[in-house]
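This report concerns only the one structure given below.
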Amino acid sequence: MMTDAQATIDDMRARAETELGAAGTMDDLTAWERAYLGAQGEVTLFLRGLASLPANQRPIAGRGGNALKNELTAAWEARRVVLSAADLQQRLANDAVDVTLPGRQPILGASHPVSRMIDELSEIFALMGFQTVFGPEVETAHYNFDVLNIPKDHPARDVWDTFYVDLPGEIVLRTHTSPMQGRVMERQDPPVRVVVPGRVYRYEAQDASHEWMLHQLEGLAVDRNITLADLKGVLSEMARQLFGPDRRTRFRCDFFPFVEPGVDFAVDCAICGGAGCRVCKGTGWLEMGGAGMVHPNVLRNVGYDPDVYSGFAFGLGIERLIMMRSGVDDIRAFAANDLRFLRQFARAA
Ligand code: PHE
């Protein structure tokens, strides 16, 4: 079949070299290697077929075939180095990351303005020795009313103000944070100094200053020789911390069954300096909540001797404090979940 081994070798070399030059990818190269040098490759089969050649052709074919195999192997190696470098470059280019691009801004949450005010108040009161404690929102009428000297026929107990829970016993959604007064005092002997932030519920028509759920912060201090002056000092200090050093405070008589005397507590409007504006509704004063000296009946109800101990209590509306400080004019904004409203507080952080 083969008459001129040299011609065959030359022909294989010519084709192999042309094809190798044309191989542009690592895949091309693999196919080329299989075609010429692999187990079934042309050159391999040629060398394997030496024995069947006429005797005079064998030396030429053997030497020439082996030389060709070595040549092509070396050329293949060289080509492989070039192509794999190109291949790597290509893959690097495809996978390139531009480290100079600006990063993507992660979406971070922020504390709700009510939570932030609670944190701020807890810190202010902590510096005056008050511990922050929490109580149940679903409460018994016993702690919400009875312990607090609120008699059975008091209008606050009316179903028109209070959410009653459909459970055996008199269970309510607490209408204020004051029920924690009784729970805390029953648990420990004086001295007591606690603040109690949390949600309270009132069955009221909603408008710009009334919500059926709002937040309060209760304060309670009981010890020997606590006086109204201590109450005024603590609340005035809180007002200065929240609204600035120049604020004046006002205490007027008010009535709550669980304090005697009772007061309402206001701070002069920081927005207008007391001259009268939209936020203080022209009065120059912002009402912050109720307060007073703990009623002797309440002390007796928890087993404290009112002849030995006295104390003060106060209740602040948290949303109200934020409304006064930031000039928010609708309490419903806090629970409406409008991010445009909430974000203004997050940025002021
Ligand atoms: N609990 C009262 C309210 O919700 C506020 C208050 C608390 C008044 C403590 C006096 C003392 O209106």
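The values are calculated or read from the model by the stated rules, or taken from the named source; none is laboratory data. All values derive from a computational prediction rather than experimental measurement. Positions of Cβ are backbone-derived with ideal geometry, glycine not excepted, and every protein chain shown enters the neighbour counts. Just the protein is used for accessible areas: all its heavy atoms, side chains included, with ligands, DNA and RNA removed. Shrake-Rupley method; radii C 1.70, N 1.55, O 1.52, S 1.80 Å.
The requirement of being buried (at least 16 other Cβ atoms within 10 Å of the Cβ), within 16 Å of the ligand (Cβ to nearest atom) and more than 20 Å from residue 227 (Cα to Cα) is fulfilled somewhere in the range 328-339, by at least one residue. Restricting attention to the range 122-157, the residues that are over 21 Å from residue 317 (Cβ atoms), part of a loop (DSSP other than H, G, I, E, B) and acidic (Asp, Glu) add up to 1. May I ask you to verify whether residue 119 is open to solvent by 80 Å² or more (accessible area, probe 1.4 Å) and assigned to a helix (DSSP H, G or I)? So residue 119 fits the description; yes. Scanning the range 128-148 for residues that are over 36 Å from the mean Cα position of the chain (by Cα) and open to solvent by 20 Å² or more (accessible area, probe 1.4 Å) turns up 142, 146.
Across the range 167-183, a minimum of one residue is classified as more than 13 Å from the ligand (Cβ to nearest atom), touching a Gly at 6+ places or on another chain (Cβ under 7 Å) and open to solvent by less than 80 Å² (accessible area, probe 1.4 Å).
For the condition within 11 Å of the ligand (Cβ to nearest atom) and farther than 22 Å from residue 319 by Cβ, residue 260 qualifies.
On the stretch given as the range 50-70, residues that are touching a residue at least 40 places away in the same chain (Cβ under 8 Å) and either under 30 Å from residue 90 (Cα atoms) or open to solvent by less than 30 Å² (accessible area, probe 1.4 Å) (or both) total 6. For the range 235-257, a residue qualifies if it is within 14 Å of the ligand (Cβ to nearest atom) and either open to solvent by 20 Å² or more (accessible area, probe 1.4 Å) or of a type in the set (Ser, Thr, Tyr) (or both), and the qualifying residues are 251, 252, 253, 254, 255, 256.
Among the residues examined, residue 82 does not qualify as closer than 30 Å to residue 198 by Cβ and part of a helix (DSSP H, G or I). Among the criteria (1) open to solvent by 90 Å² or more (accessible area, probe 1.4 Å); (2) modelled with pLDDT of 90 or more, the one residue 76 does not fulfil is (1). The number of residues in the range 36-51 that are within 15 Å of residue 72 (Cβ to Cβ) and in a helix (DSSP H, G or I) comes to 7.
Listed conditions (1) within 13 Å of the ligand (Cβ to nearest atom); (2) open to solvent by 70 Å² or more (accessible area, probe 1.4 Å) are all met by residue 104, apart from (1).
Restricting the first member to the range 293-320 and to residues that are away from the ligand (no atom under 15 Å from the Cβ), and the second to residues that are in a strand (DSSP E or B) and open to solvent by less than 50 Å² (accessible area, probe 1.4 Å), the beta-carbon pairs closer than 6 Å and six or more apart or on different chains are 309/222. Scanning the range 258-277 for residues that are in a loop (DSSP other than H, G, I, E, B) and more than 15 Å from residue 321 (Cα to Cα), we see that the one that is most open to solvent (accessible area, probe 1.4 Å) is 275. Just one of the listed residues (169, 182, 129) is touching a strand residue (DSSP E or B) at 6+ places or on another chain (Cβ under 9 Å), under 25 Å from residue 294 (Cα atoms), touching a residue at least 12 places away in the same chain (Cβ under 8 Å) and in the same structural domain as residue 320 (by TED's automatic domain parsing), namely 129.
Restricting attention to the range 268-286, the residues that are closer than 23 Å to residue 125 by Cα and either within 16 Å of the ligand (Cβ to nearest atom) or without any contact (Cβ under 8 Å) to a residue 40 or more places away in the chain (or both) add up to 3.
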